[in-house]
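Presented below is the structure to which this report refers.
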Ligand SMILES: Nc1ncnc2c1ncn2[C@@H]1O[C@H](COP(=O)(O)OP(=O)(O)OP(=O)(O)O)[C@@H](O)[C@H]1O
Ligand SMILES: [Mg+2]
């Protein structure tokens, strides 16, 4: 197991049209895309959804291989969904039957639909994280959630927590890797045995990791205080999010497109 | 003399512990000077540093920053802005996952307008020689580079003084050299007062003034040329003089006529060569 292969929230810097779109619009459009996927009904709406995804991938200049890589980890989930859909969708047109199990045309169709949905959902969201830096993401979330400040939701604090978490993920992964190698060198075994044994082998890894995370948190808080951090009040930003007219046009065009697909999907196209 | 930092009879103990960490400590730091603070582990150096920017307040006595009393809440952010602080572990003081955002952090907290933040970030990165890394991820940098980013983040506050608590303790020799060069540049080009807490004698040698602390008291204070000639006194505070001084002192004991004040390796070599050729 190599922890440094984890690509959580990985960002590929670039200067494509997708990279440049205001991150707030990107987040909203990704969410709307997911909704549209679930409103899609017939072959037509699925194909349009897939076409949109392909166009966005092409525009973002992210390689299809990278997108495929983001889908790979949920392979098992896709498989389970497929099996459940095949066997549990009620249908008339029986193709194969054995004991209580039967495969129907309806089941196969529903499985294909579900798989397509999940793949497009994950690929679509991965385009969001691939083309948006963690800073932009957390800034955009802060900005999108800012109306909630009226009901006393600590929006700035939430976004600061997220960005610090993202900042420390690589540091903690590196540290976990180091502790693991140190323990492997002393004969610890993380790879064999059943699930329980493996989880148990993780405990001596997690304890030092937690202790050091708390020490880091202490030191970071001190360093932030020394740099005059005082919450969100009166704080300015180096990069302030500012949507250009072009961003508005793109947003509303895509919004209309999604609405049209959803309506078509509801009518079975 | 224009003092930037002044401790007057400051005493301090941590809550829920017995025994004071600092006892009746008085110290003035001159504006534009480069002071090294030495002391064995647990002597109270980090505690003293935290008194300087109002992270901790003295139990009795006073600490003044540019004439402002650190116990006066109204001056808190003004004091923290003037006295920048850099710590030992570079990983635990970098806030952001992009270099420029991290350098901007303090200026953002101070409510500096975006254009001005941009200028300060670019200037600070140029000063520490890290301009080309402006959009890099800090976790991919070397220890010395990370520490220079931390220093840049502090200079973006445009402080009068920068206090560094063992900034080179986790660095390799190349990283240490880069950080020391950066500190000299801050002092010489920007006129920033430097207070460097360190365990490395060769770094203390580069200062104008060395303050030795033992058990919360100042025990030696003077130019490196003075302080380091007291080999035995230093040893009694669990510190050792720079190796050049130890060598010169051993040569003196052996009867060679060399001055203990030749402390840099070059001066030491010259002094020995001169004494031998006589
Ligand atoms: N947060 C704390 N709570 C209680 N006691 C503390 C705390 N921090 C430090 N001390 C104690 O205060 C004393 C001085 O600590 P300080 O960290 O100032 O020493 P130092 O000179 O910086 O040492 P080092 O060279 O190891 O960094 C030590 O005895 C230490 O155990
Ligand atoms: Mg210390």
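The values are calculated or read from the model by the stated rules, or taken from the named source; none is laboratory data. Predicted, not measured: the structure shown is a model, and the values here were computed from it. A quick note on method: Cβ atoms are made from the backbone with ideal geometry, for glycine too, and the neighbour counts reach across all protein chains shown.
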Problem - Residue match in segment B:39-46 (condition: more than 9 Å from ligand 1 (Cβ to nearest atom), modelled with pLDDT under 95 and touching a strand residue (DSSP E or B) at 6+ places or on another chain (Cβ under 8 Å)) - result: no
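Condition check ((1) more than 16 Å from ligand 2 (Cβ to nearest atom); (2) within 13 Å of another protein chain (Cβ to nearest Cβ)) across all residues:
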site: B:49; (1), (2): no, yes
site: B:55; (1), (2): no, yes
site: B:59; (1), (2): yes, no
site: B:72; (1), (2): yes, no
site: B:112; (1), (2): yes, yes
Handout entry: Where residue B:66 falls short, out of the listed (1) away from every other protein chain (no Cβ under 14 Å); (2) without any contact (Cβ under 8 Å) to a residue 24 or more places away in the chain; (3) under 24 Å from residue B:186 (Cβ atoms)
Key = (2)
Handout entry: segment B:193-207 residues that are touching a residue at least 12 places away in the same chain (Cβ under 8 Å) and over 22 Å from residue B:261 (Cβ atoms), paired with ones that are part of a strand (DSSP E or B) and within 16 Å of ligand 1 (Cβ to nearest atom) (beta carbon under 6 Å, 6 or more apart)
Key = B:195/B:35; B:195/B:163; B:197/B:37; B:197/B:165
Problem - Residues located in segment B:47-57, provided they are away from ligand 1 (no atom under 13 Å from the Cβ) and surrounded by fewer than 21 Cβ atoms within 10 Å (Cβ to Cβ) - result: B:57
Handout entry: Tally of residues being loosely packed, with under 12 Cβ neighbours inside 10 Å and within 14 Å of chain B (Cβ to nearest Cβ) across segment A:199-214
Key = 2
Handout entry: Residues that are within 19 Å of residue B:5 (Cα to Cα) and touching a helix residue (DSSP H, G or I) at 6+ places or on another chain (Cβ under 6 Å), drawn from segment B:175-197
Key = B:192, B:194, B:197
Practice task
Being within 14 Å of chain B (Cβ to nearest Cβ) and either on the phi > 0 side of the Ramachandran plot or part of a helix (DSSP H, G or I) (or both) is the filter here, so list the residues in segment A:110-156 that pass it.
Solution key: A:129, A:134, A:135, A:136, A:137, A:138, A:139, A:142, A:156
Exercise for the section: Determine which member of the set B:84, B:61, B:32 is more than 16 Å from ligand 1 (Cβ to nearest atom), in a strand (DSSP E or B) and in contact with a helix residue (DSSP H, G or I) (Cβ under 8 Å, 6 or more places away or on another chain). Expected result: B:84
Handout entry: Leading residue by the ranking (farthest from the other protein chains (Cβ to nearest Cβ)) among those in segment B:170-197 that are within 16 Å of ligand 2 (Cβ to nearest atom) and touching a strand residue (DSSP E or B) at 6+ places or on another chain (Cβ under 6 Å)
Key = B:196
Exercise for the section: Taking residue B:5 as the residue in question, decide whether it is away from ligand 1 (no atom under 16 Å from the Cβ) and surrounded by 15 or more Cβ atoms within 10 Å (Cβ to Cβ). Expected result: yes
Exercise for the section: Keeping to segment A:215-263, report how many residues are assigned to a helix (DSSP H, G or I), within 27 Å of the chain's Cα centre (by Cα) and more than 9 Å from chain B (Cβ to nearest Cβ). Expected result: 18
Handout entry: Pairs, first at pLDDT below 90 in segment A:8-25, second surrounded by 17 or more Cβ atoms within 10 Å (Cβ to Cβ) and part of a loop (DSSP other than H, G, I, E, B), C-beta under 7 Å, six or more apart
Key = A:11/A:132; A:11/A:133; A:12/A:62
Handout entry: Flag if residue B:22 is surrounded by 16 or more Cβ atoms within 10 Å (Cβ to Cβ), over 16 Å from the mean Cα position of the chain (by Cα) and either touching a residue at least 60 places away in the same chain (Cβ under 8 Å) or within 13 Å of ligand 1 (Cβ to nearest atom) (or both)
Key = yes
Exercise for the section: Please indicate, with yes or no, whether at least one residue in segment A:181-198 is modelled with pLDDT of 90 or more, over 30 Å from residue B:122 (Cα atoms), out of contact with any helix residue (DSSP H, G or I) (no Cβ under 9 Å at 6 or more places or on another chain) and more than 14 Å from chain B (Cβ to nearest Cβ). Expected result: no
Handout entry: Qualifying residue in segment B:75-87 (condition: within 16 Å of ligand 2 (Cβ to nearest atom) and without any contact (Cβ under 8 Å) to a residue 12 or more places away in the chain)
Key = no
Exercise for the section: Residue by residue through segment B:10-39, note down the ones that are within 13 Å of ligand 2 (Cβ to nearest atom) and within 30 Å of residue B:185 (Cβ to Cβ). Expected result: B:37, B:38, B:39
Completion exercise
Taking first residues from segment A:158-175 that are facing chain B (nearest Cβ under 10 Å) and second residues anywhere that are in a helix (DSSP H, G or I) and surrounded by fewer than 18 Cβ atoms within 10 Å (Cβ to Cβ), the pairs with Cβ under 6 Å that are 6 or more apart or on different chains are A:170/B:139; A:171/B:139; A:173/A:3
Practice task
Taking residue B:76 as the residue in question, decide whether it is within 23 Å of the chain's Cα centre (by Cα), more than 16 Å from residue A:225 (Cβ to Cβ) and either assigned to a helix (DSSP H, G or I) or at the interface with chain A (Cβ under 9 Å from one of its Cβ atoms) (or both).
Solution key: no
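Regarding residue B:224, is this residue more than 14 Å from chain A (Cβ to nearest Cβ), surrounded by fewer than 24 Cβ atoms within 10 Å (Cβ to Cβ), touching a residue at least 40 places away in the same chain (Cβ under 8 Å) and under 27 Å from residue B:7 (Cα atoms)?
Yes.
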Practice task
Evaluate segment B:152-172: report whether one residue or more is surrounded by fewer than 20 Cβ atoms within 10 Å (Cβ to Cβ) and over 23 Å from residue B:51 (Cα atoms).
Solution key: yes
Handout entry: Index of the failed condition, residue B:164 passing every other in (1) away from ligand 1 (no atom under 16 Å from the Cβ); (2) outside any helix (DSSP H, G or I); (3) within 16 Å of residue B:185 (Cα to Cα)
Key = (1)
Exercise for the section: Run down B:117, B:155 and say which single residue is touching a strand residue (DSSP E or B) at 6+ places or on another chain (Cβ under 9 Å) and within 12 Å of another protein chain (Cβ to nearest Cβ). Expected result: B:155
Completion exercise
Picking from A:67, A:76, A:55, the residue that is within 19 Å of the chain's Cα centre (by Cα) and under 25 Å from residue A:140 (Cβ atoms) would be A:67
